[in-house]
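No lab work stands behind these numbers, since they all come straight from the coordinates. Please read these numbers as outputs of a predicted model, since none were measured by experiment. Quick reminder, even Gly has a Cβ in these numbers, built from the backbone with ideal geometry, and neighbours come from all protein chains shown.
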Amino acid sequence: MKLALVDGKRRKAQPNLSGECQCCGSPMIAKCGENRMWHWAHKSKRKCDPWWEETEWHRAWKNRFPEDWQEIVQFAESGEKHIADVKTEDGWVIEFQHSAIKTEERVSREAFYKRLVWVIDGKRRKFDERKFREAWEDAGRPFGPETPLRALSFYEGRLLDEWVGRPTHVLLDFGEEDWLWWLIPRGDQSSDFVLRIHRAGFIQCLGPVADRGGQSLEKIIEVVASQIKRRDIMHKIEQSIRDKQRIKYDPLAIRRPPRRRM
Ligand SMILES: [Zn+2]
């Protein structure tokens, strides 16, 4: 972890410092070596947050947000507690996920954190990025040829199998400087959608309100939802026109041969 309690205050690891875990309260020691980023580790192996993981990728992401928002212990009414990677001032929890995660754990985290945004490390497995690019190229462009919002038509690969169709927001990070790929939560829309979004824009719209320039995650969600809704209405109208035409003019419809008079 990046932070632990030292005399009741959240502190970063420093050589020779000892502290206690924000989550489970057990003693922690500061690991300040040359090879790994400085961090806190539990002194003895014990059960803390089973969801916890931290890599350099996590650390870099967390550092894009104010330190007060990083590693925030969250409690459920049942007494269950977990450390959110980042919690924004308007209550979004951002979880950075590098390792493989089982479906049950994904579902329980989505239930535990009510307003959840996943950011997924898309560079971990070899073929995930290629499969994603293929799906993006194949995706329908119902909003115009240059649209950053596309409808997934056909896709394969483990990354998309795991993350398309979640009820929460999922952003895929392939380590590009400019872009993140946002899998829009599945609601009652007709397809699964992907939005290409500027990395800096995404960070800004979840960042401190004062730095947002009027932008917010909610606003983007609203715009996307209304575009999808309009498209779905058009889609239904077109479909019903096609259906009617098919009934009238279908050349393959079975026609009875005229009866001959005996
Ligand atoms: Zn702990």
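All distinct Cα pairs of segment 1-141 go into the 1/r average, and the inverse of that average, the Kirkwood radius, is 16.7 Å. Seen from GLY19, the other residues with C-beta closer than 13 Å to its C-beta sum to a net charge of +4, counting Lys and Arg as +1 and Asp and Glu as -1. In terms of packing, defined here as the mean over residues of other Cβ atoms within 10 angstrom, the peptides 15-26, 234-245 line up highest first as 15-26, 234-245. Computed from backbone phi with θ = phi - 60° and the Karplus coefficients 6.51, -1.76 and 1.60, the 3J(HN,Hα) list for segment 190-198 is 7, 9, 9, 10, 10, 10, 8, 10, 5 Hz; x is used for glycine and proline. The relative contact order of the chain, computed from alpha carbon pairs under 8 Å that lie at least 6 residues apart in sequence, is 9 percent. Along its principal axes, segment 120-216 has C-alpha extents of 41, 30, 26 angstrom, given from the largest down. For segment 34-104, the list of GluC sites (Glu not before Pro) that fall in a loop by DSSP and count at most 11 other C-beta atoms within 10 angstrom reads GLU34, GLU77, GLU80. Here is the list for segment 119-221: trypsin sites (Lys or Arg not before Pro) lying in DSSP coil, each with at most 11 other C-beta atoms within 10 angstrom of its C-beta, are LYS126. The C-alpha atoms of segment 1-48 occupy a region whose extents along the principal axes are 27, 22, 15 Å, arranged from largest to smallest. Translational diffusion of the chain was estimated from the Stokes-Einstein equation, with Rh taken as the Kirkwood radius over Cα pairs; at 10 °C and 1.306 mPa s the coefficient is 74 µm²/s. At what distance in angstrom do the alpha carbon centres of segment 23-95 and segment 187-219 lie from each other? Centre-to-centre (Cα) distance: 24 Å.
For the chain, a Gaussian network of Cα nodes joined below 10 Å ranks PHE154, PHE132, PHE202 by mean-square fluctuation, and the top entry is PHE154.
Over the chain, dividing the summed -39,500 (n - 2.57) contributions of all DSSP H runs of at least 4 residues by the number of residues returns a 222 nm mean residue ellipticity of -9000 deg cm²/dmol. A Gaussian network model of the chain, with springs between Cα atoms under 10 Å, assigns the largest mean-square fluctuation among GLY33, GLY140, GLY91 to GLY33.
This ranking places VAL223, VAL93 by how few other beta-carbon atoms lie within 10 Å of each, fewest first, which gives VAL223, VAL93.
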